[in-house]
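Visitor: One structure follows; several queries about it will come next.
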Amino acid sequence: MSELRRTRLRPLPLLAGVAALLLALLASVLLGAADLGWQRVLAEIGAQLSGGHSPLSEREAAILWQLRVPRAVLGALVGAALAVSGAAFQGVFRNPLADPYLLGAAGGAGLAVTIVITLLPQAGSVPGVAQAAAFAGALGGVAVTWLVGRSAGNDAATLVLAGVAVGAFLTAGQTFVQQLRLESLQQVYLWILGRLSTTGWRDVLLVLPLLIVSGAVLCACARLLDVLGVGDEEAASLGVHPGRARALVLLAASLATAAAVSVAGLIGFVGLVVPHLVRLAAGGGNRVVVPLSLLFGGAFLVLADMLARTVLAPAELPIGVVTAFTGAPFFAVLLHRGRRI
């Protein structure tokens, strides 16, 4: 019972998370390849809020409101989805190295998108088809893992092993399909490395309802994750059904991951790095880690995307490269210092 006495989420860390997200969004809106001038952008935002005169031309206003702002919001949503899913996976499996792609979401999405790009290029050129394929593939990969794991015991360790096996099989299938059309390799790898859309608000509206539902479920289940953390037998003695609780959390986390993958590709390390940083800074209780991961995950990816857009402007780095450059050294430093993660 002593292990369940976790710190509660206090106002100061929550305000810090909100402030970090808002500041990251503001920085992303102010800076970009097109030099709009940060003073003029602030004046434009003020004009829109107050009904005053816009200092931007029609073209500049379109860059701001139809490209830069929706991309920043999309980055916040995707980062929040991946980070909160990573925190949930780590809580369910009691494994600090668990990430949102553990149960085959990456392999399923990668295979589905590769099939669309290589074998169905005409369908893939239709707006929304690749996103729908990635979403269905991610959920399909998780569903296959769940069925395989359930047939072998349905405990956490079995699910992890099933996820490894299913993920390897789906990745092998993706590689096979890629070899059928080598000319499509560049397009496939661009998707694998991750990217955020610059086509307006459509992707934001697609992912927002899914993140609201899954994020609310995961935050509501944060204490349940603490109960599961003491072990299945102890959780059952406290009136919790471990299998049902695990299924609910994994379903919500997989839904958030699938939504993120469908609009941004496979962006790595967000679901690993952000929960660890939150845990190191604010404590290990899931009632703290889950909601703060959502906020700081959004801020982290918005800043990563800002770097991807500006470091080599007017060229653009894949956002997955930026997150890997920050995530890999983070774990190397922790291992070097012998810290528990």
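Every number here is computed from the coordinates shown, using simple stated rules; none is lab data. A quick note: this is a predicted structure, and the numbers were derived from the prediction, not measured. With ideal geometry, Cβ positions are generated from the backbone for all residues, glycine too; neighbour counts draw on all protein chains shown.
Visitor: Which parts of segment 280-319 would a label at Arg10 reach, counting a residue when its backbone N lies under 16 Å from a point 7 Å out along Cα-to-Cβ?
Guide: Correct set: 280-289, 292.
Visitor: Which shape class, rounded, prolate or oblate, goes with segment 109-245 when its Cα gyration tensor gives a ≥ b ≥ c as root eigenvalues, a/c under 1.5 marks rounded, and past that a/b bigger than b/c marks prolate?
Guide: Cα axes put segment 109-245 in the oblate bin.
Visitor: Let me ask something else. Could you sort 240-249, 106-115 so that the peptide with the highest average Cβ count within 10 Å comes first and the rest follow in order?
Guide: Working: 240-249: 16.6, 106-115: 26.9.
Averaged packing, sorted descending, gives the order 106-115, 240-249.
Visitor: Hey, another quick one. Using R₀ = 25 Å, calculate the FRET efficiency as 1/(1 + (r/R₀)^6) where r is the Cβ-Cβ separation of Ala165 and Leu119; round to 0.05.
Guide: Details: r = 25 Å, r/R0 = 0.99.
Step by step, r from the Cβ atoms, then E = 0.50.
Visitor: Once fully extended, how much extra length lies between Leu185 and Phe331, figured as 0.36 nm per residue of separation less the alpha-carbon to alpha-carbon distance?
Guide: 49.6 nm
Visitor: Can you list the residues of segment 230-262 with backbone N under 15 Å from a point 7 Å past the Cα of Ala152, pointing along Cα to Cβ?
Guide: none
Visitor: Follow-up. Which of Gln90, Gln178, Gln48 moves the most in a Gaussian network model of the chain with Cα springs under 10 Å?
Guide: Gln48
Visitor: On to the next question. Express the C-alpha Rg of segment 1-133 as a ratio against the empirical globular expectation 2.2 N^0.38 Å, rounded to two decimals.
Guide: Values: Rg = 20.9 Å, N = 133, 2.2 N^0.38 = 14.1 Å.
Taking N as the residue count of segment 1-133, the ratio is 1.48.
Visitor: Angle between the Cα long axis of helix 202-220 and the longest principal axis of the chain, 0 to 90 degrees, nearest 10?
Guide: The helix 202-220 is inclined about 30 degrees to the chain.
Visitor: Need one word for the chain: rounded, prolate or oblate. Basis is the Cα gyration tensor (sqrt eigenvalues a ≥ b ≥ c); a/c below 1.5 gives rounded, then a/b vs b/c decides.
Guide: oblate
Visitor: Once the dipole of the chain is set up with Lys and Arg at +1 and Asp and Glu at -1 on Cβ about the Cα centre, which of His241, Val73, Leu36 lies farthest towards its positive end?
Guide: Of the listed residues, the answer is His241.
Visitor: So which residue, out of Leu182, Leu25, Leu218, gets the largest mean-square fluctuation from a GNM of the chain using Cα contacts under 10 Å as springs?
Guide: Leu182
Visitor: Hey, another quick one. If neighbour count is taken as other Cβ atoms inside 10 Å, put Arg202, Arg10 in order from fewest to most. It would help to have the intermediate numbers written out before the result.
Guide: On the way: Arg202 14, Arg10 11.
The order, fewest Cβ neighbours first, is Arg10, Arg202.
Visitor: Tell me the relative contact order for the chain as a rounded percent, counting alpha carbon contacts under 8 Å between residues six or more apart.
Guide: Once divided by the residue count of the chain, the mean separation gives 31 percent.
Visitor: Okay, next question. Expressed as an acute angle from 0 to 90° and rounded to the nearest 10, what is the orientation of the C-alpha long axis of helix 286-310 relative to the principal long axis of the chain?
Guide: Tilt of helix 286-310: around 30 degrees.
Visitor: Could you list Leu67, Leu266, Leu82 so that the one with the fewest beta carbons within 10 Å of its beta carbon is first and the one with the most is last? Mind showing how you got there, number by number?
Guide: Numbers: Leu67 17, Leu266 20, Leu82 35.
With the fewest neighbours first, Leu67, Leu266, Leu82 line up as Leu67, Leu266, Leu82.
Visitor: Please determine, in degrees from 0 to 90 and to the nearest 10, the orientation of helix 129-151 with respect to the longest principal axis defined by the Cα atoms of the chain, where the helix direction is its Cα long axis.
Guide: 10
Visitor: Given R₀ = 22 Å, what would the calculated FRET efficiency be for Trp38 paired with Ala313, taking r from the Cβ atoms and rounding to 0.05?
Guide: 0.90
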